[in-house]
1. At 0.36 nm per residue, minus the direct Cα-Cα distance, what do residue 62 and residue 571 gain on full extension? Give it in nm, one decimal, please.
2. Just grab the label-to-label distance for residue 304 and residue 156, each label 7 Å out from Cα along the Cβ direction, in nm (one decimal).
3. At a temperature of 4 °C and a viscosity of 1.567 mPa s, determine how fast segment 208-249 diffuses translationally according to Stokes-Einstein, using the Kirkwood radius over alpha-carbon pairs as Rh; express D in µm²/s, rounded to the nearest whole number.
4. Please compute the modelled spin-label separation between residue 141 and residue 602, points set 7 Å along Cα→Cβ, answer in nm with one decimal.
5. On a 0 to 90° scale, report how tilted helix 514-545 is relative to the longest principal axis of the chain, with both axes built from alpha carbons and the result rounded to the nearest 10.
6. Just report the Cα centroid separation between segment 192-265 and segment 506-540, whole Å.
7. With labels modelled as points extended 7 Å from the Cα through the Cβ direction, what inter-label distance (nm, one decimal) is found for residue 90 paired with residue 384?
8. Compare the peptides 128-141, 519-532 by average per-residue count of other Cβ atoms within 10 angstrom and give them in order, highest first.
């Protein structure tokens with residue numbers, strides 16, 4: 001071997017090792033930085049709490065909102081929104097801001113403009129369920145299979161009941177396939193959707209809060225089955241018509257007479273309008289409604305089921321629906337029947353939020369004040385906190401509140417390090433390939449020197465992470481704020497977290513942490529990519545200098561085989577990345593993604609078999625006469641192949657099911 005070639009050969013065998021080492025260190029550093037939290041000042045940016053409550057009148061409210069809303073709309077790039085306040089059986093304030101159609105300059109009208117309030121639709125489904133409970137046609141605690149013409153599998157000893165569904169504890173995993181579809185032609189009958197899109201059950205019923213659109217759609221189908229009326233027709237006849245809600249519908253696409261009144265939906269208010277959203281699980285989110293109509297619905301619930309002399313629920317049923325049926329910990333918000341608690345400023349508040357791709361809405365009922373609030377924006381915008389910001393400012397102005405003092409410094413609890421770990425949401429996919437996404441979106445807390453904790457994922461209105469201080473053992477409250485976190489230490493040492501009544505979290509084992517997964521993924525990708533790059537370069541160098549590899553027979557075949565394995569590993573990652581990116585960019589494409597995902601699964605299966613070659617090469621190389629850095633790199637290739645196999649198995653990429 002001539003000296004020039006020897007120098008080049010050494011160069012192109014050592015460089016991959018150096019680059020890999022540097023990249024790995026960068027990834028580890030990034031992961032550690034992502035886990036740590038920088039020290040922040042307490043949350044700022046909220047309006048100061050006034051010394052005395054402002055008088056809640058229509059004039060004061062108009063002045064307050066007119067000075068606040070347009071500025072936030074401009075900041076967040078929102079095209080239009082509607083706001084409605086009701087109090088003491090009447091509409092106190094209602095107004096549309098901005099445009100329902102920006103290009104045509106069509107303004108938002110409270111009386112006429114239709115918005116898509118997303119999951120607030122569920123409140124109408126729950127109201128329909130309670131009407132049938134009231135009539136004795138449904139029982140909250142009976143197995144739902146008794147009301148269906150298909151069967152929910154008995155994966156656990158306890159059956160799923162309507163009470164489980166209405167408190168979001170049926171135990172279904174998250175399902176997003178065809179949650180939205182691209183066109184009316186893709187819309188299927190409700191029973192067909194439920195039968196073909198049934199998610200797996202991953203929790204025993206009644207044990208773990210895990211918000212479920214599928215379960216709500218199931219409740220809507222039960223209403224349809226028991227009443228003998230199509231779900232859309234039942235809601236219209238038994239809720240819309242008694243309340244005089246003439247501009248509301250669950251029908252998709254919209255009836256012709258309603259289409260001219262539908263607000264456009266926008267990604268950014270300054271951008272182009274998007275298509276009307278089609279939602280197959282219609283009872284969970286397909287409502288189209290005006291601000292004036294939803295005011296009637298809020299008044300009916302605030303007046304124990306009655307509006308303008310017409311009744312949709314009895315007082316007893318309404319009180320049952322609004323009462324607390326479950327709670328995670330003392331002092332935390334609990335779950336009602338359909339509604340969930342979101343108490344603030346010392347007032348018990350129940351309500352529901354709602355999000356489609358483009359519309360974002362909130363509904364709050366302050367029961368003791370006989371007050372209701374609804375807001376819906378027609379743009380995703382630059383920031384999703386506009387509606388929350390407006391509600392907080394409203395509560396602080398008209399219902400000022402002084403936080404109870406926290407524990408004195410010398411009495412503070414010392415559990416910050418115990419709870420500072422990563423947590424996995426209960427609202428997740430577990431039995432299909434979207435499982436890996438849940439682990440990559442974990443919620444991580446870290447301890448600060450002053451005993452507080454924080455997570456980069458939980459931010460204040462100013463964009464900074466909120467800090468939480470311990471006010472009771474394992475109960476944390478936002479510093480200078482009201483949000484609470486309740487942690488529980490299980491007998492096996494695991495921690496659970498309950499920040500809201502509709503969702504829970506459980507601590508993640510080290511092998512499921514985002515940090516570990518990132519190292520595994522990047523190791524596999526970087527090693528295989530560098531191997532292929534320098535395989536090509538080294539081959540050209542050898543050809544230029546007229547030198548051979550120096551390997552013959554079985555060792556040469558193994559080396560070639562490992563390079564082919566690297567090609568398949570990278571191809572498999574790309575095969576998964578392309579459809580997943582498309583799905584993230586446009587969830588309506590899920591209806592056409594099955595061939596892409598099936599191809600990725602087939603390619604992944606072939607790759608897993610081929611990794612045996614890399615493992616054999618890993619073992620064989622140490623019995624051959626090679627340079628030490630060559631042995632190390634061939635070993636890294638073997639471990640990168642095993643990392644790929646582990647990632648595939650852990651992420652459920654090999655699962656046959658395409659229900660996700």
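1. Additional length available on full extension: 177.4 nm.
2. Using points 7 Å along Cα→Cβ, the separation is 3.5 nm.
3. So the translational diffusion coefficient is about 113 µm²/s.
4. For residue 602 paired with residue 141, the spin-label model returns 5.3 nm.
5. 40 degrees
6. Centre-to-centre distance over Cα atoms comes out at 45 Å.
7. 3.8 nm
8. In descending order of packing, they fall as 519-532, 128-141.
None of the figures in this text is laboratory data; all of them are computed from the coordinates on show. In this text, all values refer to a predicted model and were calculated from it rather than measured experimentally. A quick note on method: Cβ atoms are made from the backbone with ideal geometry, for glycine too, and the neighbour counts reach across all protein chains shown.
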